[in-house]
1. Determine the pairs where a residue that is under 22 Å from residue 167 (Cβ atoms), located within the stretch 132-156, has a partner that is in a loop (DSSP other than H, G, I, E, B) and of a type in the set (Val, Ile, Thr) with Cβ atoms under 7 Å apart, the partner being 6 or more residues away or on another chain.
2. I need every pair where a residue in the stretch 13-33 that is modelled with pLDDT under 95 has its Cβ under 7 Å from the Cβ of a residue that is surrounded by fewer than 24 Cβ atoms within 10 Å (Cβ to Cβ) and assigned to a strand (DSSP E or B), sequence separation at least 6 or different chains.
3. Got a sec? Which helices (runs of 4 or more DSSP H) wholly within the stretch 75-172 have at least 3 residues that are at pLDDT 95 or above, over 30 Å from residue 12 (Cα atoms) and of a type in the set (Ser, Thr, Tyr)?
4. Among the numbered conditions (1) farther than 24 Å from residue 198 by Cα; (2) touching a Lys or Arg at 6+ places or on another chain (Cβ under 9 Å), tell me where residue 133 comes up short.
5. Just one of (1) away from ligand 1 (no atom under 16 Å from the Cβ); (2) in contact (Cβ under 8 Å) with a residue 40 or more places away in the chain; (3) crowded, with 19+ Cβ neighbours inside 10 Å trips up residue 201, so point out which.
6. If you check 135, 204, which single one turns out to be among the polar types (S, T, N, Q) and within 16 Å of ligand 2 (Cβ to nearest atom)?
7. Is there a residue in the stretch 64-72 that is within 16 Å of ligand 2 (Cβ to nearest atom) and at pLDDT 95 or above?
8. Could you tell me whether any residue of the stretch 69-86 is loosely packed, with under 15 Cβ neighbours inside 10 Å and within 16 Å of ligand 1 (Cβ to nearest atom)?
Amino acid sequence: MSLQIVSPTGGIAPLLRADGVSLEYGHTRATHDVSFDVYRGDRFVLLGPSGCGKSSLLKAAAGFVKPAAGSITVNGAQVLGPGPDRMVVFQEFDQLPPWKTVLENVMFPLLMTRRVSRHEAGERAAHWIAKVGLSGFEHAHPHTLSGGMKQRVAIARALAMQPEVLLMDEPFAALDALTRRKMQEELGRLWEELRFTLLFVTHSIEEALVVGNRILLLSPHPGQVRAELNSHQFDLASAGSAEFQAATQRIHRLLFGERRSDTAPDRGASQAPHGRSAAP
Ligand SMILES: Nc1ncnc2c1ncn2[C@@H]1O[C@H](COP(=O)(O)OP(=O)(O)OP(=O)(O)O)[C@@H](O)[C@H]1O
Ligand SMILES: [Mg+2]
């Protein structure tokens with residue numbers, strides 16, 4: 001069993017911590033004072049409308065964007081740039097170099113970081129390609145694959161690096177509804193097996209409930225924390241249930257609706273410590 005960092009208070013320290021993060025592009029403030037903690041094995045979702053800074057926060061966690069104020073730490077070390085401990089899967093299907101085969105795409109980061117020999121990189125890549133259900137397509141080029149298959153390659157490429165955190169920015173948003181559902185299901189299956197830590201961005205309330213065990217709600221202009229919710233009780237099987245519908249409507253109200261008295265406790269829960277968030 002791996003050692004876990006324990007904070008001075010005796011609790012388990014978060015794997016990834018965003019502490020008062022403000023992000024700016026020139027004079028545009030994309031997020032203001034956003035804080036959240038992601039624990040090992042979490043499926044942590046950033047949810048909010050367009051422009052609330054979800055992608056910007058993910059890019060900051062990836063190390064592509066530097067906070068104007070606040071900090072992001074992973075295992076207690078400040079994020080100062082991109083690293084193999086934080087692999088990213090984007091929405092765009094063109095994130096795979098088209099001149100490389102599926103196998104070469106998955107091998108590429110392994111070889112770049114000189115973690116393993118070429119032989120071992122090939123074996124590891126084949127293993128992860130099988131895990132995402134693409135055995136037989138190792139020598140195919142990306143343009144011969146469907147959108148869902150390309151996203152599977154991107155997921156295999158990221159997981160093959162065994163990152164501390166898998167960062168996903170609307171990875172299924174450009175897929176048709178059926179494929180999207182299938183990919184959500186397969187991501188859930190992979191998580192059940194591997195228990196990786198996931199930071200997942202979406203603007204879909206349903207997807208947030210299905211994918212996440214914890215959801216951070218953000219409001220836009222600039223992006224700020226609106227509430228934090230537990231959602232571990234939901235999955236694809238429960239989608240459509242009365243409880244799921246009620247949670248969807250409640251989140252919708254929190255994001256877009258008037259501030260009704262029954263939403264008041266959530267504001268207090270916005271910075272709730274691990275395990276004590278408001279249930280939807
Ligand atoms: N490269 C950039 N240059 C200037 N402004 C930017 C840049 N990227 C994002 N912004 C601004 O920062 C704010 C947050 O953008 P961001 O893309 O993080 O939002 P988002 O929540 O991911 O939105 P969406 O759901 O549309 O993807 C927006 O006001 C946007 O215009
Ligand atoms: Mg975005």
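1. What qualifies is 152/132; 155/132; 156/132.
2. 13/6
3. Helices (runs of 4 or more DSSP H) meeting the threshold: none at all.
4. (1)
5. (1)
6. Only one candidate passes the filter, namely 204.
7. Checked the stretch 64-72: at least one residue is within 16 Å of ligand 2 (Cβ to nearest atom) and at pLDDT 95 or above.
8. So far as the stretch 69-86 goes, yes, one or more of its residues are loosely packed, with under 15 Cβ neighbours inside 10 Å and within 16 Å of ligand 1 (Cβ to nearest atom).
The values are calculated or read from the model by the stated rules, or taken from the named source; none is laboratory data. In this text, all values refer to a predicted model and were calculated from it rather than measured experimentally. FYI the Cβ positions are ideal-geometry reconstructions off the backbone, even for glycines, and counts take in every protein chain you see.
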